[in-house]
Structure formats: structure tokens, C-alpha cells
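S.K.: First the structure, then my questions, so here it is.
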Amino acid sequence: MFRKILFICIALILPNICLADGTFGSRGINSLSLDPPRMLSPIYDTAVVANNQPLEFKWMNEYPISTRGYVFHLYKGPDITEENLIIKAEVAQGVYSYQVPADTLQDGQTYTWTLIRVNSGGEKTDSSSHSFRVIKS
């Protein structure tokens, strides 16, 4: 009787967690390490650059074991295009921030930063992105 109940429970639950390709979860167990990175700062409409100090971009490390590194981009303006690209940098595993010198940023200008996580297999996530306006004080 217990086996029948267990079988019924598995039959009811398994389709909800198992995808057609045999992976598990909403995006698959193998894609858990392919979630886009979570940005921590700057994530508001404005970023204050005080006393000519660099602006530090920070993100969360959710998959330390399966992450090879990150690709950081900074664009001038809200459009993510090659002609607006100011900085493209590869950031090593274990580093969860990137500093941009204050003289790179203009007061009142809008910038967009994007971040891509590269997993241990070399696969890249979708990018996370955020636009903000710089206020220098």
C-alpha cells in the first residue's frame, strides 16, 4: 500500500519539476548556474560620485563553485550598443565588484551597466543591466 501511495505522489509531483529534456527545475538543474547575476549597486536612478572617488559596481555571488568569472560592460546612455560602449572588462572568479574612475563619468550623464556571468563550462548567462544618472558632488 505504501508503495502505491509513493508511486502516486511521485507521478503527481514529477511532471511539475521534470522538464521534457530530463532536467529539473524551472530552467533545469543544469541551468541553475546560468541564472543572470544579481546587481547590488548602483541599482537606483542616480549614483553619487563624491570627492572624485571611483564609482564601485557590485554584484552578488550566488554560484561561487560553478562561476569562472564575469564580463562587465559600461555604456554611455541608455542604449546598449557598440558605439556607446565605454568599458568592457573580464572580472575573475572571486571578485564581485568593479571600480570605474570618477573622471570616466560625466555629471548629469546617463550610463548603463551590464553584467554577464560565465560558468565553469564557459557558458554565458543572459546579461543583467541597469541604467542610472551620475551626480557628482
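S.K.: Mind giving me the FRET efficiency for A50 and T110? R0 is 22 Å, r the Cβ-Cβ distance, nearest 0.05 is fine.
M.R.: Given R0 = 22 Å and the Cβ-Cβ separation, E is 0.75.
S.K.: Spin-label point model (7 Å from Cα, Cβ direction): what's the S129 to S41 distance in nm?
M.R.: The modelled label-to-label distance comes out at 2.4 nm.
S.K.: How much net charge surrounds S131 when only the other residues with a Cβ under 14 Å from the Cβ of S131 are counted, with Lys and Arg +1 and Asp and Glu -1?
M.R.: So the environment of S131 carries a net charge of 0.
Quick note: the coordinates plus some simple rules give every number you see, no bench work behind them. Please read all numbers here as calculations on a predicted model, not as lab measurements. All Cβ positions, glycine included, derive from the backbone under ideal geometry; neighbour counts span all protein chains shown.
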